[in-house]
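Note sheet for the following structure.
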Amino acid sequence: MSKIGRDMKDAMILDNSPSAYMLQPECAVPIISWYEDPNDRQLFDLIPMFIQLSKIYDCREAITRFVKNNNVDFNLAKQVNNALLDK
């Protein structure tokens, strides 16, 4: 990811495979695999969280607090993002 030339504090990875982000887990938000399910809404459901993350100076600080064992704790994400926005 460092090859894209962006500051890592502003970069996020959204992927269903932990091997895709194993070198930068602090930037990764895992998502459940999508297999042609027309009712899949997970990406849509993540939009509010990504909007909040875009307002934080260093997204890695937030992501490491609410992503554990390749799972997103959405309740904790709301609390963390709100706390970091208040800084």
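Values quoted throughout were computed directly from the atomic coordinates according to the rules given, and no laboratory measurement underlies them. Since the structure is predicted, the reported quantities are computational estimates derived from the model, not experimental observations. For neighbour counting, all protein chains shown are included, and Cβ atoms are generated from backbone atoms with ideal geometry for every residue, glycine included.
Specify the residue with the greatest mean-square fluctuation among Y57, Y21, Y35, computed from a Gaussian network of the chain linking alpha-carbon atoms under 10 Å apart.
Among Y57, Y21, Y35, the largest GNM mean-square fluctuation belongs to Y35.
Thinking of the chain as a set of Cα atoms, what percent of all their pairs are more than 22 Å apart?
That tail contains 25 percent of the Cα-Cα pairs.
Per 0.36 nm of contour for each residue apart, how much would the distance between N82 and S33 grow if the chain were fully extended, relative to their Cα-Cα spacing?
The span from N82 to S33 would gain 14.9 nm if fully extended.
Hey, how many Å between the Cα centroid of the range 1-27 and the Cα centroid of the range 58-87?
Their Cα centres are 16 Å away from one another.
Please give every one of the aspartates and glutamates within straight-line cross-link reach of K55, meaning a C-alpha to C-alpha distance under 13 Å, and leave out same-chain neighbours fewer than 8 residues apart.
Here the aspartates and glutamates satisfying the reach criterion relative to K55 are D10, D86.
Test of the criteria: in the range 1-70, which trypsin sites (Lys or Arg not before Pro) are in a DSSP loop and have at most 13 other Cβ atoms within 10 angstrom of their Cβ?
Those that pass, being in a loop and sparsely packed, are R6, R41, K55.
Taking θ as phi - 60°, what are the ³J(HN,Hα) couplings along the range 61-78 by the Karplus curve (6.51, -1.76, 1.60), each to the nearest whole Hz, with x for Gly and Pro?
Listing the rounded values in order: 4, 6, 4, 5, 8, 10, 10, 9, 6, 6, 9, 9, 8, 5, 5, 5, 4, 4 Hz.
In a GNM of the chain with a 10 Å cut-off on Cα contacts, which of D58, D37, D73 has the highest mean-square fluctuation?
D37
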